Amino acid sequence: MLSIERFDHDIKSIYKKHNDRFIYDSLPGAGPQMAPRLLAAMGSNRERYQSSEEVQKYAGIAPVTERSGKKEWIHWRYSCTSFLRQTFVEWAGQSVRYSFWAKAYYLQQAAKGKPHNTIIRALAFKWIRILFRCWKTKTAYDESTYLEALKRKGSPLLKYAVESKF
């Protein structure tokens, strides 16, 4: 067995035994490749992060705002673990195919003229908040629960989805 194949086998074996596996298996678009990467990104120590913002910043998904005098500019984080950023961005991209609200969000932002990469990074930003909550409360993701929350909050995203009938 080649060393890469052995690593893949070991990763799958360890992932299957992990207590939090059900959380990552419930995430739309995570699948057998992304779910273990997301687990590795979050880890098992729930004291590691106190807020989703910490995860967003550490992963390089949260934008940075800089100010000097009367000028202000926003850019992405340069100091971050690029593998984590790549993990969250790739998962967000996959989620559009499997999650109703993620697809609606993508189409809504595209209709506003936003570029693909900007939309996917913004979607990753949203997914991290959701994943953090699931991770902290040890709860599997449930699309219907999230859609109900959007409905209760009067989210314009649901209105857009209904009106556009994508």
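For the stretch 64-80, check the following and say yes or no: at least one residue is among the polar types (S, T, N, Q) and within 18 Å of the chain's Cα centre (by Cα). Steps first, answer last, please.
Initial filter on the stretch 64-80 (among the polar types (S, T, N, Q)): 65, 68, 79.
Filter again for within 18 Å of the chain's Cα centre (by Cα), leaving none.
No, the stretch 64-80 has no match at all.
Tell me the residue from Arg46, Arg37 that is of a type outside the set (A, V, I, L, M) and assigned to a helix (DSSP H, G or I), please.
Details: Arg46 fails: assigned to a helix (DSSP H, G or I).
Selected residue: Arg37, the only one of Arg46, Arg37 that is of a type outside the set (A, V, I, L, M) and assigned to a helix (DSSP H, G or I).
How about the stretch 137-152: which of its residues are within 17 Å of Ser52 (Cβ to Cβ) and either of a type in the set (Phe, Trp, Tyr) or not in a helix (DSSP H, G or I) (or both)?
Lys138, Thr139, Tyr141, Tyr146
Failed condition for Trp101, given (1) assigned to a helix (DSSP H, G or I); (2) open to solvent by 20 Å² or more (accessible area, probe 1.4 Å); (3) in contact (Cβ under 8 Å) with a residue 60 or more places away in the chain, with all others met?
(2)
Out of all the residues in the stretch 72-98, which are closer than 23 Å to Glu143 by Cβ and surrounded by 12 or more Cβ atoms within 10 Å (Cβ to Cβ)? It would help to see each step written out before you state the result.
In the first step, residues of the stretch 72-98 are kept if they are closer than 23 Å to Glu143 by Cβ; the result is 87-98.
Within the stretch 72-98, Thr87, Phe88, Val89, Glu90, Trp91, Ala92, Gly93, Gln94, Ser95, Val96, Tyr98 meet the criteria.
Got a sec? Which of Tyr78, Tyr106 is in a loop (DSSP other than H, G, I, E, B) and either hydrophobic (A, V, I, L, M, F, W, C) or under 25 Å from Ala41 (Cβ atoms) (or both)?
Details: Tyr106 fails: in a loop (DSSP other than H, G, I, E, B).
Every option except Tyr78 fails the conditions.
For the stretch 1-28, give me each residue that is acidic (Asp, Glu) and at pLDDT 95 or above. If you could, list the steps in order and put the result at the bottom.
So in the stretch 1-28, the residues acidic (Asp, Glu) come out as 5, 8, 10, 20, 25.
Hits for the stretch 1-28 are Asp20, Asp25.
Looking at the stretch 2-10, is at least one residue open to solvent by less than 50 Å² (accessible area, probe 1.4 Å) and either touching a Gly at 6+ places or on another chain (Cβ under 7 Å) or more than 26 Å from Lys151 (Cα to Cα) (or both)? So that I can check it myself, show each step before the final result.
Applying the first criterion (open to solvent by less than 50 Å² (accessible area, probe 1.4 Å)) to the stretch 2-10 yields none.
No: the stretch 2-10 contains no residue that is open to solvent by less than 50 Å² (accessible area, probe 1.4 Å) and either touching a Gly at 6+ places or on another chain (Cβ under 7 Å) or more than 26 Å from Lys151 (Cα to Cα) (or both).
Go through the stretch 127-141 and report how many residues are open to solvent by 70 Å² or more (accessible area, probe 1.4 Å) and in contact (Cβ under 8 Å) with a residue 24 or more places away in the chain.
Quick first cut of the stretch 127-141, residues open to solvent by 70 Å² or more (accessible area, probe 1.4 Å) only: 129, 133, 137-138.
Filter once more, so that each one left must be in contact (Cβ under 8 Å) with a residue 24 or more places away in the chain: 129, 133, 138.
Of the residues in the stretch 127-141, 3 are open to solvent by 70 Å² or more (accessible area, probe 1.4 Å) and in contact (Cβ under 8 Å) with a residue 24 or more places away in the chain.
The values are calculated or read from the model by the stated rules, or taken from the named source; none is laboratory data. These numbers come from a predicted model, not from an experiment. Cβ atoms come from the backbone with ideal geometry, glycine included; neighbour counts cover every protein chain shown. Accessible surface is based on the protein model in full, side chains and every heavy atom, while ligands, DNA and RNA are left aside. Shrake-Rupley method; radii C 1.70, N 1.55, O 1.52, S 1.80 Å.
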